[in-house]
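Please read the structure below before turning to the comments.
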There are 2 protein chains.
Amino acid sequence: MRGLPTDLPDNASFSHKMSREDTMSVILRRERGDLLHRQLFLALREQIRRGAYREGDPIPTEDQLCQSFGVSRITVRRAVADLVEEGWLEKRLGRGTFVKQTAAKPQNRTGSTFTESLAKRSKQTKVTVLEVSKCSPPPSVAAAMGLADDAQVMYASRLRSISGVPLLFIDSWVMPEYAGTIKNDTLEKRSITEMLLSQGVRFRYVTEEISAVAAEPHVAASLHVEVGSPLLCVARLVSKDVGKTVMYLMAYMTSERSRVVFSHEEQDLDRMYEAKLIHDIDAYDADQ
Amino acid sequence: MRGLPTDLPDNASFSHKMSREDTMSVILRRERGDLLHRQLFLALREQIRRGAYREGDPIPTEDQLCQSFGVSRITVRRAVADLVEEGWLEKRLGRGTFVKQTAAKPQNRTGSTFTESLAKRSKQTKVTVLEVSKCSPPPSVAAAMGLADDAQVMYASRLRSISGVPLLFIDSWVMPEYAGTIKNDTLEKRSITEMLLSQGVRFRYVTEEISAVAAEPHVAASLHVEVGSPLLCVARLVSKDVGKTVMYLMAYMTSERSRVVFSHEEQDLDRMYEAKLIHDIDAYDADQ
């Protein structure tokens, strides 16, 4: 996948871990072996791509995978679950885990397309529109967008959740010429990025910045964290061309629930990273 | 560039902004137009690559660039400064800015190699070795490395600074079989990654995770921030192969001084991002 999935997702899988028994409840489990299971995921995916296991064939059992890779059962389970989620493997009840028939098809090899994953992400999270208004952005945002301080833009504030667990608090500022469709009711159905892309707006440059900030009261309240607790903040500037800003977005998330993960395969250290955002809703107590 | 430059830098430029007049002092200036200047950087670099300006030719003046891209002078200056730093442009005193003679050479097109940039990074930052010891890692680290809780590894704690400004607090845990050269005096000269690579250790999988954490007292003291203030934490797991961990690293930095930036060129949203870490030592008061 590419880049950081917030409102403008990428083609990475959205790794929220739901209970298998009850997909509406939240597993209260959090582990620190995330990077290890990610590496096993990469290794197994590479084996499937290379054809080490053929379509429709079973993969080794959990025990065999634990032994051959020298990792724990929990690591194996999480890597396999991610491969199932990304469509490489499929579980057959009582029979084991198999390489999916379509897994080797080229169009599946690099995951789903950007637009597909965007639609998937929108469906996976429930969006609550907190505010939509025309306003002058804060000076820091105006500077980031290359605007005068008194320029008017469309502002939208949204919260994305899964199963009632708030994951992303998103502030967006959209240039007026692209903001025609941005309203309370349309935002509940589609992301801003989806709307812009469907209008044919070009995304020539997308730059992002990750920082850590202390939670302000209104963000803290929405994300159900204490005021002042550390939040990851992903800022994204989308431009049609240099100096032609389309939108600016700031997404806040708590590390208790969301992290950004990069994977780097192969020895070649000059290759680019894959980036992934993992939401750990497991760690969150829904009754909070 | 690729991945997050901490102890294991990439081939991105290390954008610390030193005063031109006195490279030992720190500019107390911080702006929010970072993403905008980054996009201009990408656009100009693309023009140089495509040969829009020939080697040795002058590029347009600041005024012309401001006008043609519709951006501010400060944005132009920062983009040009970064292109100079990365070796695409050169300033000639009193004459202007020119495309460097070597800029069009293929080996320069994608920036310096990983190993080159690694050496450069090591030189640019001053490392203070805080601790080197054999120990059992904390349970969370042991889990991340796939080790039993009582496993012994080599632990090193370091602080990387520029001009007395602390930027990165780095905890590292290295598997004993690779830790032979890791000592107080060797760590002052080379990064752990440089040492491992020169020993021929393969880095088959490198995975990273970014989170936001509250500064613990000893980290806060080293980074000169308040206890509990939000820090970016980059955790990195380096493996020879799946289940064969080489090292685990956690780098802490304050967003006041360091951020992680990703750039995405072109309309193709399925392409990978470039990632960049920018240290804003400008914002830091050295007398603190």
request  = May I ask you to verify whether B:LEU223 is within 14 Å of chain A (Cβ to nearest Cβ), under 23 Å from B:THR125 (Cα atoms), open to solvent by 30 Å² or more (accessible area, probe 1.4 Å) and not small (Gly, Ala, Ser)?
outcome  = no
query = Got at least one residue in region A:13-21 being at pLDDT 80 or above, crowded, with 16+ Cβ neighbours inside 10 Å and within 13 Å of another protein chain (Cβ to nearest Cβ)?
reply = no
inquiry  = Is it the case, given these coordinates, that B:GLU208 is open to solvent by 10 Å² or more (accessible area, probe 1.4 Å) and not hydroxyl-bearing (Ser, Thr, Tyr)?
reply    = no
request  = Mind counting the residues in region B:200-221 that are within 20 Å of the chain's Cα centre (by Cα) and part of a loop (DSSP other than H, G, I, E, B)?
outcome  = 1
note = Those residues of region A:155-199 that are among the hydrophobic types (A, V, I, L, M, F, W, C) and assigned to a helix (DSSP H, G or I) come to a total of 5
task = Looking only at region B:39-73, count how many residues are of a type outside the set (Asp, Glu), open to solvent by 30 Å² or more (accessible area, probe 1.4 Å) and farther than 20 Å from A:ARG236 by Cα.
result = 14
Number of the exception - A:SER133 against (1) of a type in the set (S, T, N, Q); (2) at pLDDT 90 or above; (3) surrounded by 12 or more Cβ atoms within 10 Å (Cβ to Cβ) = (3)
message = Any residue at all in region B:222-229 that's part of a helix (DSSP H, G or I) and modelled with pLDDT of 90 or more?
response = yes
task = Kindly list the number of the only condition in (1) open to solvent by 10 Å² or more (accessible area, probe 1.4 Å); (2) in contact with a helix residue (DSSP H, G or I) (Cβ under 8 Å, 6 or more places away or on another chain); (3) free of Cβ contacts under 8 Å to residues at least 40 places away in the same chain that fails for B:GLU216.
result = (2)
task = State all residues of region A:160-205 that are open to solvent by 50 Å² or more (accessible area, probe 1.4 Å), among the small types (Gly, Ala, Ser) and in contact (Cβ under 8 Å) with a residue 60 or more places away in the chain; if no residue qualifies, say none.
result = A:GLY164
request  = With respect to A:GLU85, determine if the residue is touching a residue at least 12 places away in the same chain (Cβ under 8 Å), among the acidic types (Asp, Glu), more than 21 Å from B:GLY146 (Cα to Cα) and surrounded by 14 or more Cβ atoms within 10 Å (Cβ to Cβ).
outcome  = yes
ask   = Looking only at residues in region B:243-261 that are within 11 Å of B:PRO230 (Cβ to Cβ) and not β-branched (Val, Ile, Thr), which one is farthest from the chain's Cα centre (by Cα)?
value = B:GLU256
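The values are calculated or read from the model by the stated rules, or taken from the named source; none is laboratory data. Every value quoted in this text rests on a predicted model; they were computed, and no experiment measured them. A quick note on method: Cβ atoms are made from the backbone with ideal geometry, for glycine too, and the neighbour counts reach across all protein chains shown. Ligands, DNA and RNA are excluded from the accessible area calculation, which covers all protein heavy atoms including side chains. Shrake-Rupley method; radii C 1.70, N 1.55, O 1.52, S 1.80 Å.
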